Amino acid sequence: MKTLIIGAGPVGMTAALAMRHASVGGDITLLEAAPKNTSSFSDRNIALSLASWRTLERVGVHVEKDAPRAAISEVDVTQQGVFGMLRLRASDVNESQLGAAIAYPDLKAALDRALEREAINVMWNAKATRIEMNANRATVHLETGEALTADCVVIADGANDETLMPTFKQYTRDSGQIAVIAKIRPAKPMPGIAFERFTQRGVLALIPRAAKQNEALEWTLVWARAKDDAARLLECDEAMFIDDVNAAFGSTMGALSLSSKRTSYPLTWRFVEPRASGCVVAIGNAAQGVHPAAAQGLNLGLRDAAQLADALTTQTNVSQALSSFARARAIDRATTIGFTGLLAYGFDRGGWMLDAPRGLALTALQMIPPLRREMVRRLAL
Ligand SMILES: Cc1cc2nc3c(=O)[nH]c(=O)nc-3n(C[C@H](O)[C@H](O)[C@H](O)COP(=O)(O)OP(=O)(O)OC[C@H]3O[C@@H](n4cnc5c(N)ncnc54)[C@H](O)[C@@H]3O)c2cc1C
């Protein structure tokens, strides 16, 4: 069997490795638009769940021993100025960590090494422009004019405006919000804790960053704000910005200071449907986009990659395998998009009519261990 995977991002690379490890067999080739060694991976801080780290280990992705990781053993969920608090702890599910964050380049380097070890072929400068179905196979047309035919084509090209497969429809909705992103240095760091705070102007996440020995501990701030409000926050002077952050987050980690430039990311709600047709399937950000405040996008994409490999091993008919993959992924996809959407767009409104029920819901989850454990299990395992 010949498989073409379009996009050598973390999801495409993991899919290739998972297929090789699941003995899907045949020739697996990754097509990547960028030239070799482009540092297309930003210095984004990526928090991965325990389950994602286990998936990566299982498919042979081992991060260098000296590559720092920030373990996350607790997620604290609070509301600005209102009652209600939820602590999700690894100990709730008898684990020492819920997951860990890593710098994107370190993750990319580990994926590159694993691909090389498995001798998986990557074609660089190979931008796909169109996919054409022919009977049981599909042909991928490249910008170079070349055309490659395969028995299975996996679209893992990330969040593009248009899908390569004409019959896959992309549904998008502008949330009206922008995520403001920056590195934050607290006066009293609390290692191992990530924070989600419903502020009066949008959900604010602080995710611990991996640090080398002797480096100051930092957190990544992801703060969803209405567009005009975000523009103001990005343009105002640093002192004003950090005052706003401190006022919204409170004093849990002492005074917070800004330790990087501010950047932004548009918050668009997006999914592709159908995601599978004949021998073509979309995975990762090519299939859906979720809000970065919940740090779930790559976690969801890695589950896509692992389950795609499973589906292709258990069924020999590619088209049937891809249909059952799409069916099997539907619930996880819908609940993750729903959960992150609710967190970002539903829980950001203030006023006692919403603050009170939200506070009660958080308190109820905190007080009812089975419910809390179920939530932790869903996030981490
Ligand atoms: C600020 C921020 C913070 C985040 N934090 C987290 C987090 O903490 N935890 C988490 O789980 N997720 C997080 N995410 C989400 C995560 O970064 C994405 O889900 C993940 O990168 C998606 O991987 P991917 O491989 O699907 O797509 P991408 O990473 O976009 O990779 C797609 C690849 O396809 C290539 N490509 C594109 N078009 C073509 C083409 N036509 N032909 C060939 N190749 C092509 C691209 O060059 C690229 O290499 C965050 C996102 C943002 C924006």
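The values are calculated or read from the model by the stated rules, or taken from the named source; none is laboratory data. In this text the structure is predicted, and so the values were computed from the model without any measurement. Here the Cβ positions follow ideal geometry from the backbone for every residue, glycine too, while neighbour counts run over all protein chains shown.
Some observations on this one:
- Residue, modelled with the lowest pLDDT, within the range 156-181, restricted to residues that are in contact with a Phe, Trp or Tyr (Cβ under 9 Å, 6 or more places away or on another chain) and near the ligand (Cβ under 9 Å from one of its atoms): 179
- Contacts under 6 angstrom Cβ, first residue in the range 100-120 being farther than 24 Å from residue 206 by Cβ, partner part of a strand (DSSP E or B) and more than 10 Å from the ligand (Cβ to nearest atom), 6 or more apart: 120/28
- Residue identified as under 30 Å from residue 3 (Cβ atoms) and more than 16 Å from the ligand (Cβ to nearest atom) among 308, 298, 312, 258: 312
- Residue in the range 281-292 that is farthest from the ligand (Cβ to nearest atom), counting only those that are crowded, with 24+ Cβ neighbours inside 10 Å and farther than 19 Å from residue 13 by Cβ: 291
- The set of residues in the range 119-148 that are under 23 Å from residue 305 (Cβ atoms) and β-branched (Val, Ile, Thr) comprises 120, 122, 131, 140.
- Subset tally (residues that are more than 18 Å from residue 317 (Cα to Cα), out of contact with any helix residue (DSSP H, G or I) (no Cβ under 6 Å at 6 or more places or on another chain) and more than 8 Å from the ligand (Cβ to nearest atom)) for the range 1-21: 2
- Residue 24 meets all of the listed conditions (1) closer than 20 Å to residue 105 by Cβ; (2) more than 13 Å from the ligand (Cβ to nearest atom) but one, namely (1).
- The range 212-244, residues that are within 23 Å of residue 297 (Cβ to Cβ) and either touching a residue at least 40 places away in the same chain (Cβ under 8 Å) or surrounded by fewer than 11 Cβ atoms within 10 Å (Cβ to Cβ) (or both): 218, 220, 221, 222, 223, 224, 225, 226, 227, 230, 233, 234
- Flag if residue 3 is of a type in the set (Val, Ile, Thr), surrounded by fewer than 15 Cβ atoms within 10 Å (Cβ to Cβ) and either more than 16 Å from residue 209 (Cα to Cα) or touching a Lys or Arg at 6+ places or on another chain (Cβ under 7 Å) (or both): no
- Tabulated pairs, the range 297-311, first among the charged types (D, E, K, R), second within 8 Å of the ligand (Cβ to nearest atom) and not in a helix (DSSP H, G or I), C-beta under 6 angstrom, 6+ apart or interchain: 304/283
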